[in-house]
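Please read the structure below before turning to the comments.
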Amino acid sequence: MVHLCRRLFHYSCLIGCLLVAAVASGQAQPAAAVTLDAGQEYTMVLRADGTLWACGDNYAGQLGDGTTIRRFEPVPVRGGATWRSISAADRTTFAIRTDGTLWGWGENSWGQLGDGTTTSRSTPGQVGTATNWLSVATSSGHTVGIRTDGTLWAWGFNGGGRLGDGTTTDRLTPVQIGSATNWQSVSIGGGSTLAIRTDGTLWAWGWNYHGVLGDGTTTSRSTPGQVGTATNWRAVSAGYKHVAALRADGTLWTWGTNNNGQLGDGSTTDRLTPGQVGTATSWQLISADSHTLAVKADGTLWAWGFNYSGQVGDATRTNRLVPVQVVTAGGWRVVSAGARHSLALRADGTLLGWGENHYGQLGTVERSLQQNSAPVRVGAATTWRSVSAGVNHSLAVRADGTLWSWGQNLFNQLGDGTTTDHYPPTQVGTAADWESSSAGEGHSGAVKTDGSLWAWGSNYSGQLGIGAAAASPMPARVGTAQNWQSVEAGQSSTLAIRRDGTLWAWGNNGYGQLGDGTTTNRNTPTQVGTATDWLSVSNNGTPTLALRTDGSLWSWGAFGQPGSYTTPARVGTASWRAAAAGSHYSLAVRADGTLWAWGDNTYGQLGDGTTTSRSTPGQVGAATNWQSISAYPDFGSEFAAALRQDGTLWNWGANSYGQLGDGTLTAHPTPTQLGTATWRQISTGRAHTLAIHQDGTLWAWGDNTYGQLGYHPNYFDVPHPLSWAPLAAATARAAVSFAAYPTVLDAGQPLRYVLAAPVAGAELTVYSLAGRRVATYALPPAATGAVPLRPLPAGWYLARLRYPDGRTAAARVAVR
């Protein structure tokens, strides 16, 4: 596997700081961290008590926990509590103990573990018997270490002469490089090795693609060669085919490949010799991979280069050709650039991470960000007018008439002319006259205020209604009529009502869901019957449900219980107010406010407390104030959400993606209220839910595999507190059991807590995720209680419990 790695300048990172995983489970936390290292797709952390912790990808056992299981939260590395320093790269990890012995684990295909074999291992194994190791760097299948006597040693893969022993022969155990005894630090990246001697000279060897050796050529070399004549090099970090280095005068220099702006000089031109980055003379720390992180003397953090996964941290995915400041706060003391993620530690102990988290390398309890079981706010806008959740994408219209889309775009369903997924909502074109929208499976539809109808996305069944089979990457007008009232985009068919009350349908008709008496697909709108009093329609595949202005409910298409029809058939004689079609099941609200359900009930989607299917409508509970309802078909994740007349939101059914929004993955067989907030509109997708609050804010929860919740499923593009608040250093003690609830609070709602071992003198502190203390409360010696919270801005917060003896625990809560 092509590696993307870099070596952190280790000795500059031995600074006291804190790393604590979310500890709602009550696990005791060891002492403060002294350093950390971001590997390719994993992270290693060394704490002050000498323990090592790891999270992220574990394919080759690089986490050292005795398994090859991916870890989304930090787990302890086997081997006790006597570790002194660490080095992580690719899938190989090294650490030095306080007794000077060197240990390695993870990938060993090239002998990079130095144990005389090529067998990978998932627990630490000692490298030889030497007890005087000072530092170590590993990457690209080889490892280089410095001993306390200043000698340099290397082993592993030797392609391009990267070991520096004058050969290209792989070594399974450490071999000394030359006879010099004044090596001070070493860094590896992209098949090249760079090292600084105590006299301030910089040396390089190995592969020289793109001039990474800095000698003015692209010729590889198998022995150390001096880089220029300068004698004031202080630190070096070898990234993936580029190098960043600091001189004693505080200047920053880069060279090598520059295709993504990683040299920071404003260009994309490679450089074969060191070139200064800007004119600043205050650079103090550096860490390079395919992007570069650097800290100035004033504590400010800067980044540039490759930004595909948001690893630069400037809220974009745009490569940066010059240094950009990351957030406005200063006080950064440690930085580490991974392959596609970044870590930084502030002087106050706040740890932030950003970039990719697909493998859990950020160690966040938000798992891989691919689902969220509690409501999260979508953007900062407060003017959302309507919203529609599709299978894996979302659409919404703001009060100003602009249309926005986000999520999956494989079929052009976002309407921006591309097939690139969007994560924050992105405006569709520039028009500001959109009235409403509907998100289907792979296509979308929307009506403008002038009554025109538009569609885009997939069109394999003619669901766009434009008379052709080709997909449309941007909104295309459907016919010339200008009297459309509403549109319903289903899985592969579309239905729409005109202002004259007529109902029209087109697209897939394999199950009679178009209601025209046939099973023939249609690629242009076809009228359904002759009625002129249609009020609303719901079609998410089969069946189709529709209401007339007289309150009658009609159903057609396969599985349109009761019965299956190719033309509309009335459902009973009752008067209805709202209806929603799911997958093989139907839900509807009667005029008297009662809720009814029928059809398949395998996952409890009928909400009657059973899993028994029924072919006729049956009442759900006894409530008589139901207002609207939403359901979406997907085998295995069927669920429904509904609003009552008081604005409260209720949902039930499957919850494997957190689509019920209650902070769990537990299914609900009957309607369960979500918090105490009041809502204006809801819309359910395949396994996610969108809802507009009464204040006009938009919220989302459930599946986020394609970013349909409005944020990237695999990365943070701005520095994000990793659910780890600043905690005082303390030795491990008995576990603390602590829980805070509810997990989702309304502004001003008290925060309740439960303590398994109440003692006098305990404190509860609430932090924002920026690490700012919101409030501290002295707790009485009681097992349960509540603390008042002043109205807080919407977002995530951390409630941290601290006992007088230093034991701590924490839990996350959200304010909406």
Of the options N509, T418, T316, report the single residue whose Cα projects farthest towards the positive end of the charge dipole of the chain (beta-carbon charges: Lys, Arg +1; Asp, Glu -1). T316
When D433, D550, D65 are ordered from fewest to most other Cβ atoms inside 10 Å of their Cβ, what list results? D550, D433, D65
Integer Hz, Karplus 6.51/-1.76/1.60 couplings in order for the range 108-115, x for Gly and Pro: 9, 4, 10, x, 5, 7, x, 9
Distance in nm between label sites at T670 and Q126, each 7 Å beyond Cα in the beta-carbon direction? 6.4
Answer in debye to the nearest 20: the dipole magnitude of the chain about its Cα centre, from +1 Lys/Arg and -1 Asp/Glu charges placed on Cβ, is 1040
Put a dot 7 Å past each Cα toward the Cβ at T82 and A248; how far apart are the dots in nm? 3.7
For the chain, with +1 on Lys and Arg beta carbons and -1 on Asp and Glu, the positive-most of G710, T51, G39 along the dipole: T51
Length gained if T616 through T573 is fully extended, taking 0.36 nm per residue and subtracting the Cα-Cα distance, is 14.2 nm
Through the Karplus equation 6.51 cos²θ - 1.76 cosθ + 1.60, θ set to phi - 60°, convert the phi angles of the range 155-168 into ³J(HN,Hα) values in whole Hz; use x for Gly and Pro. 6, x, 5, 10, x, x, x, 5, 6, x, 9, x, 10, 10
In nanometres, the difference between 0.36 nm per residue of separation and the alpha-carbon distance of A469 and T318 is 50.9 nm
Cα shape, the range 410-556, gyration tensor, a/c 1.5 rule: prolate
Between (1) 84, 56, 50; (2) 95, 66, 47; (3) 198, 70, 45, the structure-derived Cα extents along the principal axes in Å is (2)
Using Cβ counts within 10 Å as a stand-in for footprinting exposure, how do V77, V312 rank, fewest first? V77, V312
Given labels modelled 7 Å from the Cα in the Cβ direction, how far is it in nm from T173 to T117? 1.5
If amide H atoms are modeled at 1.01 Å from N in the peptide plane, then the residues at a separation of 5 or more from H341, or on another chain, having amide H under 5 Å from its own are E356
First check a/c for the range 84-188, with a ≥ b ≥ c the square roots of the eigenvalues of its C-alpha gyration tensor; if it is under 1.5, answer rounded, and if not, answer prolate when a/b is larger than b/c or oblate otherwise. oblate
What are the ³J(HN,Hα) values, in whole Hz, obtained from phi via the Karplus relation 6.51 cos²θ - 1.76 cosθ + 1.60 with θ = phi - 60°, for each residue of the range 387-400 in sequence order, with x given for Gly and Pro? 9, 9, 9, x, 4, 9, 9, 9, 10, 7, 10, 8, 4, 7
Non-local residues with an amide H under 5 Å from the amide H of F72, with H modelled 1.01 Å from N and Pro and chain starts lacking one, are G56
Put in order of increasing Cβ neighbours within 10 Å, starting from the fewest, I188, I86 give I86, I188
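None of the figures in this text is laboratory data; all of them are computed from the coordinates on show. Small disclaimer: the values here were computed from a predicted structure and weren't measured. Because the Cβ atoms are built from the backbone with ideal geometry, glycine has one as well, and the counts that use them run over all protein chains shown.
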